[in-house]
Structures are given as structure tokens and as C-alpha cells.
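*Asks:* The structure that follows is given in the form of C-alpha cells.
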Amino acid sequence: MFMRILSEPLGLGLDLPSLSPLQIAFYRGLFGGFIMLALVRREEIIFRPLMIGMVIAFSVMSGLYLSALGLGAAANAIFLQNTAPVWVYLFAVLILGEASNRRSWQSVLLGGCGALVIVAGGWPRNLPAEKQQSEVVVLLMGVGSGIVYAIVVLFLRVLRAYSSAWLVALNLIGSALMLGLFVLVGSGPTKFIEWLVSPSLEQIAVLVVFGAVQMALPYWLFTRGLRTVSPHEAAIITLIEPLLNPIWAYCLTPDKDTPTLPMFLGGSLILLALIWRYIPVRNQSPRGSSKIEPRTQ
């Protein structure tokens, strides 16, 4: 919703001057990071080498996701980034040795199938070669953001002993600085300064709220949750998000974000994966057995 407010002519005057996805990612991370930094106590400011990898992964994820969101249909980017539970589950089980079970595997595979349906349905056909290549790049950005998002989740899980507010502030400010450095190296000092000061005061105000409401607070809650919830469990729970995001985008820009049949089918599979993972199942004892198993604390 924030991306569409800042990029589409909705009569609010917030689409001019035009902001690139990287500009929005930069300011969103910067403002959200400073807001979160205000919650960090001095004794919680601790640096570890793993935090560098976490910040790099977070920066790549933000850049890929917002680029896909700004250049293509919102539903595609949103659903594809939320293939993350598939990658989180694989990485968590294979790398971190987290416990797995049959129902979780089934849910992850259902979610993966949903993502494949969306990719197949959104794959460009009967388009000029240049346009087709551009659409393929957008789809790959969405998938890539999901893979890197999974890496971010694993970093947060490994570093869960440290302050959640500090980890989120590091990610947001660090990613903003890395994106700014990327633009500086690619465009030079003069164009970088123009890029830096181009947002209007009204756009800055929206970006402050964007950073606080859509980035800082949710990631703080998510990081806190990872202290007690396994990474693949947390990733599956967040599948609630992509089911509502395309609705907000469609309400603002129906011409650009009209959901297609593959999006509905893929999104339904993702929803089914979520329901299947958490629908209660009654444990039944074998017939003819009256043995009562002791409760495990």
C-alpha cells in the first residue's frame, strides 16, 4: 500500500517527484532503524561477526523485493517473497538441525507449489523480447527475495540471544547505508546527492510512517517471536501477510494489480498450506487399546 501511494498518481501528490524502489528502500530502512534504535539500551549494543552477514542479507532482500514490487504486479512480488517458508524449512532442518515433522513438510511443499503456479502463470508470453526479458527479471527478483529472506530469518534465529530492538535497528540502518553506498558507487557523488535530496517533505513524512509501521514494528515483533518459535514455524505463520497485501494494492491501483487466475490458484495453495499446518488434529489411540500414555511436561 505504501509503495503504491508513493509511486502511483492517486491524486495525493505523493507520486512526484518520482522515487525509485531503491530510494524508498533506503529511506524506509533509515527512518525505521533510527526509530528502533531509540528503544535500544546502551548495554544491549553488542557487535558480533554474524551480524555483518545478517545486515548484508537483509539489504539484498530489501533491494530485490522493493524492485520487484515497483517494477511488476504487487501480487507476484508479494507471493514470491513469501516462498520463504520453503527455503527457511530446508535451511533450518539441513543447516541448523531444527526438528521437522510430516505435516510441516507437507505445508512447505503446498506453499512451494503455490509459488510455482504464480511463477508459471506470470511467465511472460507473446511479448517483445525486451519486454519479456524485463518481466522474467522481475519474477526472478521476487523468488530471489524469498530465498534471501529465509537467510535473514536463520540469522535472526541464531542471534536470538541478543536484543531484538538492536538486531532490527542494525538491519534497517545497515541496509539503508549499504543501499546508499551502492547508489553512490554506481552514479557518482553529484547524482547521489540529487538522489538523496529529491523526496519532497510530504514524501519524507510518508516514508517515516512507512519505516515505523511497516518495517520497524513488525520486524521487532518477528525477531522477538524467534526467541521461542522455530524459524520454519515463524515463516509459515507469516504466510497470513501475502493473503491480504494484494487486496490493499488492488484497492489503490486496480488497473495495475488485478489478480489473475494463477495468482488466485497459487494464493489458495499458500492459504491451504497455512491451514493444513495449524488445523487441530485429534490424537487417537489404536482400537482395542486402553493404555493411557503419561503426559510429557
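*Asks:* On the given criteria, is residue 213 within 17 Å of the chain's Cα centre (by Cα) and open to solvent by less than 20 Å² (accessible area, probe 1.4 Å)?
*Replies:* Answer is no for this residue.
To keep it simple, each residue is scored yes or no on (1) modelled with pLDDT under 90; (2) buried (at least 23 other Cβ atoms within 10 Å of the Cβ).
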{"position": "13", "(1), (2)": "yes, no"}
{"position": "34", "(1), (2)": "no, no"}
{"position": "51", "(1), (2)": "no, no"}
{"position": "76", "(1), (2)": "yes, yes"}
{"position": "94", "(1), (2)": "yes, no"}
{"position": "107", "(1), (2)": "yes, yes"}
{"position": "111", "(1), (2)": "yes, yes"}
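*Asks:* For the stretch 153-196, name all the residues that are open to solvent by less than 40 Å² (accessible area, probe 1.4 Å) and polar (S, T, N, Q).
*Replies:* Scanning the stretch 153-196 gives 163, 164, 171, 175.
*Asks:* Spot the failing condition for residue 199; the list is (1) modelled with pLDDT under 85; (2) surrounded by 13 or more Cβ atoms within 10 Å (Cβ to Cβ); (3) not in a helix (DSSP H, G or I), and only one is missed.
*Replies:* (1)
*Asks:* Taking residue 161 as meeting all but one of (1) at pLDDT below 90; (2) under 22 Å from residue 53 (Cα atoms); (3) not aromatic (Phe, Trp, Tyr), write down the number of the exception.
*Replies:* (1)
The values are calculated or read from the model by the stated rules, or taken from the named source; none is laboratory data. Keep in mind it's a predicted model, so treat the numbers as computed, not measured. Reconstructed Cβ throughout: ideal geometry from the backbone, glycine too, with neighbour counts over all protein chains shown. Note: accessible area is taken over every heavy atom of the protein model, side chains too, but ligands, DNA and RNA are not part of it. Shrake-Rupley method; radii C 1.70, N 1.55, O 1.52, S 1.80 Å.
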